[in-house]
């Protein structure tokens with residue numbers, strides 16, 4: 001371990017003991033960079049780590065070898081480190097396809113589903129499906145067991161914790177009762193004959209729907225479910241397992257926020273959403289925090305009209321404004337800290353000198369974690 | 001005030017989009033604020049359970065327009081559009097018989113139908129915006145549009161573009177009927193540069209700029225929605241010139257004079273640190289800003305970083321001031337008062 005790596009350590013216990021770290025927070029707070037930093041720390045501590053990122057900035061992507069390898073987990077060359085770091089980019093679009101691929105009983109069923117309109121739009125129709133697919137990938141890696149630690153970066157979604165709701169929502173959607181209507185062999189034929197086998201009023205309503213909207217969706221739906229019926233059981237088991245994994249002791253949530261009042265409000269919202277699911281973040285990372293500058297409380301007044309005095313005056317004014325802004329931000333952060341569980345580890349990461357984050361910068365960051 | 005002269009405010013609807021986290025909601029609210037200062041009646045709209053307005057302004061926005069603020073003669077209403085509810089409203093209106101449509105909505109098959117009919121709910125959400133834009137109040141000579149301007153806090157980047165594409169997609173997959181009728185009307189409305197514009201918000205950072213340019217590219221490629229200005233939000237102010245910074249570094253006497261002018265060594269050290277952070281922030285932003293300006297065909301506007309304001313209208317006002325100044329400085333704003341081109 002290098003001297004730089006020896007600093008920090010508040011989150012070491014977490015990083016050493018869990019098998020999954022899920023990094024959550026609103027858009028733009030620095031989740032991707034922090035995920036990479038946590039993962040690197042894991043490797044420094046001797047674990048075999050995989051970080052799954054969403055959309056890393058160019059320098060970071062280069063540092064993690066993502067420009068070349070993208071959606072395959074590949075090793076990141078590190079020096080003087082006991083463990084290992086692997087990285088990959090999540091491909092939320094194709095994992096649904098992979099899942100179908102994995103569960104379909106044969107090529108014909110697979111192809112019918114992949115070509116089906118309902119299937120193609122399922123991921124859009126079900127809010128959180130992309131996020132769910134990220135969880136699916138996490139589940140796969142966890143099940144395969146090649147890595148000691150998985151660090152998951154989450155999408156900057158508007159709906160804070162869709163990925164937690166998604167398994168249940170998908171299951172509800174594909175609920176057994178209604179599924180039966182669609183997979184009854186005669187239903188598909190009946191669709192052409194005015195859906196005789198459905199309850200009268202429902203029939204009329206559906207016919208009306210199709211007339212009003214002009215969309216022949218029922219046929220698509222019926223075809224989808226017929227094809228899907230073979231896989232439903234497996235899908236259900238899987239979705240339940242993913243759900244269970246996300247809420248188990250193996251998973252730790254790291255909530256990230258920035259200093260701005262609006263961002264802190266969003267972090268609070270995330271925190272409350274997690275609580276609704278009986279979950280709690282194990283760590284809160286205050287990212288890109290301002291300095292307090294260690295200035296005297298009362299700043300000197302600058303007099304004089306020379307160029308030097310003029311510059312000095314502006315420097316003091318700048319300090320004053322930045323310090324004041326930092327204090328307002330801090331007061332909002334204090335508000336957040338006051339409502340969260342006191343057992344949560346809080347880490348403060350200062351504003352870095354650069355936004356071009358590479359491995360060296362990641363080490364700087366994890367000195368604060 | 002010159003702000004009213006910028007063509008962006010001539011639109012009936014302005015969609016505001018951009019990468020998640022750049023400040024779409026803030027900019028949308030600031031635009032509403034600027035329009036209200038000019039005496040306009042504005043409606044601020046968010047789509048789905050975003051709750052963004054609540055987090056930004058501490059006000060809950062419901063499914064009916066509700067007054068959020070009065071600014072002189074102008075007003076700002078807030079509205080949250082739930083696409084699911086909009087579809088149900090539309091279908092209820094079409095089907096007419098309550099016993100029938102309530103039953104339909106309760107049936108599980110309804111969910112599957114909606115899932116199999118992509119964009120149907122989104123079309124309804126846009127339809128609501130269309131209706132709001134055409135709603136009129138008052139009688140006889142006092143009759144006027146309910147709203148002069150509707151500002152929509154649209155979904156982020158890809159989702160925002162997808163939303164605006166939906167009417168054409170639906171129009172293409174349906175041959176006739178009320179949905180097609182409305183979808184076609186929406187296509188025409190969205191494509192009308194005199195009525196609708198899209199403003200993309202970004203930050204002077206790598207990923208937001210990349211996404212903003214990508215959004216612009218996609219729209220120019222196949223979506224006939226008029227592109228308004230790209231708004232660069234939260235831009236760090238330039239406080240120290242390159243020359244004087246160079247002088248500080250090279251001229252020891254000058255540096256000593258600055259130190260002496262401040263007096264207290266601790267204050268001086270702190271001021272130097274704060275200056276370094278300030279300079280660094282700007283230096284970091286500059287290449288991204290330059291890349292944006294070089295590659296966009298849109299006008300760019302800039303909103304300076306707002307220091308030390310809490311959430312709420314106070315903060316929005318400060319943002320609006322910055323945006324207003326940028327709009328006023330825009331060549332597009334220098335239009336003759338008599339309306340000649």
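Just so it is clear, none of the values below were taken in a lab; they were calculated from the coordinates. Remember, it's a predicted structure, so these values are computed and weren't measured experimentally. FYI the Cβ positions are ideal-geometry reconstructions off the backbone, even for glycines, and counts take in every protein chain you see.
Odds and ends about this structure:
- From helices alone, chain B scores -17000 deg cm²/dmol at 222 nm; the rule is -39500 (n - 2.57) for each run of n ≥ 4 DSSP H residues, then divide by the residue total.
- With the convex hull drawn over the C-alpha atoms of the stretch B:147-188, the volume per residue is 83 Å³.
- Cα gyration tensor shape for the stretch B:13-167, rounded if a/c is under 1.5, else prolate or oblate: oblate
- Distance (nanometres) between label positions extended 7 Å along Cα→Cβ at residue A:345 and residue A:67: 3.3 nm
- Chain B - Rg over Rh from alpha carbon coordinates, Kirkwood radius: 1.06
- Binning the alpha carbon pair distances of the stretch A:292-350 at 5 angstrom intervals from zero yields the distribution 4, 14, 18, 17, 13, 10, 8, 6, 5, 3, 1, expressed in whole percent.
- Rounded FRET efficiency, nearest 0.05, which uses the C-beta distance separating residue A:278 from residue B:242 and R0 of 41 Å: 0.15
- Neighbour counts of C-beta atoms inside 10 Å place A:360, B:19 in the sequence A:360, B:19, starting with the fewest.
- Sorted by Cβ density within 10 Å, fewest first, the residues A:236, A:31: A:236, A:31
- Chain B, relative contact order in percent, only Cα pairs under 8 angstrom and at least six apart counted: 24 percent
- Relative to the current alpha-carbon distance between residue A:48 and residue A:306, full extension at 0.36 nm per residue lengthens the span by 86.9 nm.
- Its Kirkwood hydrodynamic radius, worked out from the mean inverse distance over all distinct Cα pairs, puts the stretch B:46-135 at 14.8 Å.
- For q = 0.17 Å⁻¹, Debye-computed log10 I/I(0) when each Cα of the stretch B:1-103 counts as one equal scatterer: -0.84
- Normalised contact order of the stretch A:285-369, rounded percent, pairs of Cα under 8 Å and 6 or more residues apart: 49 percent
- Cα-based Kirkwood hydrodynamic radius, the stretch B:225-315, one decimal, Å: 16.1 Å
- Computed FRET value (nearest 0.05) for residue B:135 with residue A:101, which takes r as the C-beta separation and R₀ as 45 Å: 0.35
- Of interest is the spacing of the C-alpha centroids, which for the stretch A:249-294 and the stretch B:167-228 amounts to 34 Å.
- Exposure proxy shown here: for A:293, B:130, the number of other Cβ atoms within 10 Å sets the order, fewest to most, as A:293, B:130.
- Hull volume in cubic angstrom per residue (convex hull over the Cα atoms of the stretch B:97-173): 156 Å³
- If you model the stretch B:163-241 as an ellipsoid using its alpha carbon gyration tensor, with each semi-axis the square root of five times an eigenvalue, the axes come out at 35, 12, 8 Å, biggest first.
- Gain in span if fully extended, residue B:92 to residue B:217, counting 0.36 nm per residue against the direct Cα distance: 41.1 nm
- Cα-projected label distance for residue B:295 with residue A:58, points at 7 Å along beta-carbon direction, nm: 0.8 nm
- For the peptide B:272-284, the mean number of other protein chain Cβ atoms found within 10 angstrom of a residue's Cβ is 5.
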